[in-house]
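Written below as structure tokens is the structure these notes are about.
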Amino acid sequence: MVEKFQNIIGGTHKESLSKETFEKSNPANISESLGKFPKSSKRDLNLAVEMAVDAFPNWKNTPAPKRAEILWRAASITIQRKEELSQILCKETGKPITEARGEIQEVIDTYLFFAGEGRRIYGITGQSELPNKSITTIRQPIGISGMITAWNFPAAVPSWKVAPALISGNCVIVKPSHQAPLSGYHLIKILYESGLPQGVASLLFGDGSLGEAISEHPDIKVVSITGSVEVGRKVYETCGRLLKKCALELGGKNAIVVLDDANPELAIDGILWGAFGTAGQRCTSTSRLIIQKSRWSHNFIQELSKKVQRLQIGNGFKEHTQVGPLISASHRELVHGFVQRAVKEGASVLTGGKHLSEGEHSKGYFYEPTILTGVTPNMEIAKTEAFGPVLSVIEVADFQEALKVANGVEYGLSLSVYTRDINLAMQASQEFEAGIVYINAPTIGAECGGAAAFGGWKNTGNGSREGGVLALDTYTQYKTIYTDYSDKLQKAQID
Ligand code: NAD
């Protein structure tokens, strides 16, 4: 029996007015269905927005420490159900169960962090030019936030948006990707089980057309999207036309730079995890290895290739699986197309480069972890995000060339350098054009917390950040309050 899901409109489960549905299956075993989901319509969206408009005045006036209690409870329920939610996530995305557990832990950490923020949400207190006068700038919620998310982190990414939005007093309308709709659904359900007042959050299912309707809706005052550069650009254009606040968390073309004094074993471990974890389907995945030619660089690449061939590829439910499937048949074709065009442009396949379709692998969308050598910085594969388990090796002569190649793409999410030279490490951290930099660690693995700020430069984003305290900037607007207690007219800049 295929389970049927409904929209969560303001806390109540409701059939979609469209009556249309879509089905989602496990990419590691496509005969296993996760359920039937409604294709939500604009009318469903209008209902959700109407409920949010009604709920907003009370919610924004609820003290933030009280709002925080709901996030604490949501964290506690998520802790209790961690294994069940991890299994749903594993089935939904195909990612290995160990990674799925890590992602649910990220949801818990995010809730706990932003619950703590409920006792801060700091503003600024300044000094007036005049006596008996004070100036404070406070943060206030914006109103109704629309959240459009990608399929690769269908639990963590919605939590990165929902938690800061709710703690600062906004209502939220979430649209997960139709390719991974279930984890987001459970997230919103748990928030209501934790005491979220009716109307404050809604979850609708659908594809890009629903995303467009969210961006266009006049009562949705801020839109946060995680997705590709192409889609982010469209959403930004809409928000620009409507003068709406917009947060963009988009793609990456991340690189690990390995210098000739690096610890090679450490670098190999980092590359294996960075490039092939989540089957290369992370916005921060390492898709370029920029390696300084040295006495050992050739052997290093051969050794890396041997280890890639030993990666365990399969259904994420097996505890030893290291690489799961790609999310869909069309995505696998897209990734393969990148590999084929790279070869036409002159790259060589050192390992991988093919669909995996024998035995257990015939059940899903598996693709061999792939290393391409002989890649040059101008090739398509060196410049464009393929979003799969494909690592391009680019050889360089020295540190300066490595920096130039690392920065020579239109994305700016995550860059890493492996070196034991503190001076070069510090110079790289200053010169890398990216929102996130790692020293002697791979490009993936961002944390949540006060100092953590997740987001990218250049085409990866428009300055917004997630995961830490700076996420509040997306969901709050500033108000400056002058209080004159002198009991007389005081003229700024004149008296
Ligand atoms: P996508 O751009 O195809 O879709 C993202 C979301 O946008 C989905 O919910 C989709 O339904 C919706 N959408 C599609 N067209 C739309 C439109 N015209 N208007 C509004 N919404 C629309 O991306 P994807 O394939 O789901 O995810 C992969 C991409 O996401 C990769 O590029 C990856 O790098 C990026 N990503 C970025 C981050 C980050 O934080 N920087 C995190 C995860 C994934």
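Between Leu47, Leu71, Leu89, Leu112, the distinction of being of a type in the set (A, V, I, L, M) and touching a strand residue (DSSP E or B) at 6+ places or on another chain (Cβ under 9 Å) belongs to Leu47 only. So in the range 305-333, with the set limited to residues that are away from the ligand (no atom under 16 Å from the Cβ) and β-branched (Val, Ile, Thr), which one is farthest from the chain's Cα centre (by Cα)? Restricting to residues being away from the ligand (no atom under 16 Å from the Cβ) and β-branched (Val, Ile, Thr), the top hit is Val308. Scanning the range 467-482 for residues that are touching a strand residue (DSSP E or B) at 6+ places or on another chain (Cβ under 8 Å) and surrounded by 11 or more Cβ atoms within 10 Å (Cβ to Cβ) yields Gly467, Gly468, Leu472, Thr474, Tyr475, Thr476, Gln477, Tyr478, Lys479, Thr480, Tyr482. Restricting the range 208-267 to residues that are within 7 Å of the ligand (Cβ to nearest atom), acidic (Asp, Glu) and closer than 23 Å to Lys42 by Cβ, the residue that is farthest from the chain's Cα centre (by Cα) is Glu212. Pro369 meets all of the listed conditions (1) within 24 Å of the chain's Cα centre (by Cα); (2) over 20 Å from Ala255 (Cα atoms) but one, namely (2). Scan the range 269-304 for residues that are assigned to a loop (DSSP other than H, G, I, E, B), among the small types (Gly, Ala, Ser) and surrounded by fewer than 24 Cβ atoms within 10 Å (Cβ to Cβ) and the total you get is 1. Among the residues of the range 126-143, which ones are surrounded by 15 or more Cβ atoms within 10 Å (Cβ to Cβ) and charged (D, E, K, R)? Correct list: Lys133, Arg139. Could you say whether any residue in the range 62-74 is assigned by TED's automatic domain parsing to the domain that holds Glu212, within 18 Å of Ser183 (Cα to Cα), hydrophobic (A, V, I, L, M, F, W, C) and modelled with pLDDT of 95 or more? There is at least one residue in the range 62-74 that is assigned by TED's automatic domain parsing to the domain that holds Glu212, within 18 Å of Ser183 (Cα to Cα), hydrophobic (A, V, I, L, M, F, W, C) and modelled with pLDDT of 95 or more.
One residue alone among Arg288, Arg295, Arg282 is of a type in the set (D, E, K, R), within 16 Å of the ligand (Cβ to nearest atom) and out of contact with any strand residue (DSSP E or B) (no Cβ under 6 Å at 6 or more places or on another chain), and that residue is Arg282. For the range 379-491, please list each of the helices (runs of 4 or more DSSP H) lying entirely inside it that holds at least 2 residues being over 15 Å from the mean Cα position of the chain (by Cα) and outside the structural domain of Glu333 (by TED's automatic domain parsing). So the answer is 472-475.
If you go through the range 211-268 and keep only what is touching a helix residue (DSSP H, G or I) at 6+ places or on another chain (Cβ under 9 Å), in a strand (DSSP E or B) and among the basic types (Lys, Arg), you end up with just Lys245. Would you confirm, using the coordinates I've provided, whether Val405 is in contact with a Gly (Cβ under 6 Å, 6 or more places away or on another chain), in contact (Cβ under 8 Å) with a residue 40 or more places away in the chain and within 18 Å of Gly252 (Cβ to Cβ)? Judged against the criteria, Val405 is not a match. Considering Gly195, Gly146, Gly206, Gly199, the condition of being buried (at least 24 other Cβ atoms within 10 Å of the Cβ), in a loop (DSSP other than H, G, I, E, B) and in contact (Cβ under 8 Å) with a residue 60 or more places away in the chain is satisfied by Gly206 alone. Among the residues in the range 78-100, are any free of Cβ contacts under 8 Å to residues at least 60 places away in the same chain and crowded, with 22+ Cβ neighbours inside 10 Å? The answer is yes, given that some residue of the range 78-100 is free of Cβ contacts under 8 Å to residues at least 60 places away in the same chain and crowded, with 22+ Cβ neighbours inside 10 Å. Once the range 152-207 is narrowed to residues that are more than 16 Å from the ligand (Cβ to nearest atom) and among the β-branched types (Val, Ile, Thr), the residue that is nearest to Lys42 (Cα to Cα) is Val200. Any residue at all in the range 358-373 that's of a type in the set (Asp, Glu), without any contact (Cβ under 8 Å) to a residue 12 or more places away in the chain, assigned to a loop (DSSP other than H, G, I, E, B) and surrounded by fewer than 16 Cβ atoms within 10 Å (Cβ to Cβ)? Within the range 358-373, one or more residues are of a type in the set (Asp, Glu), without any contact (Cβ under 8 Å) to a residue 12 or more places away in the chain, assigned to a loop (DSSP other than H, G, I, E, B) and surrounded by fewer than 16 Cβ atoms within 10 Å (Cβ to Cβ). Restricting attention to the range 1-53, the residues being in a strand (DSSP E or B), in contact (Cβ under 8 Å) with a residue 60 or more places away in the chain and among the charged types (D, E, K, R) number 1.
The values are calculated or read from the model by the stated rules, or taken from the named source; none is laboratory data. Not measured: the values here are computed from a predicted model. Cβ: placed from backbone, ideal geometry, glycine included. Neighbour counts: every protein chain shown.
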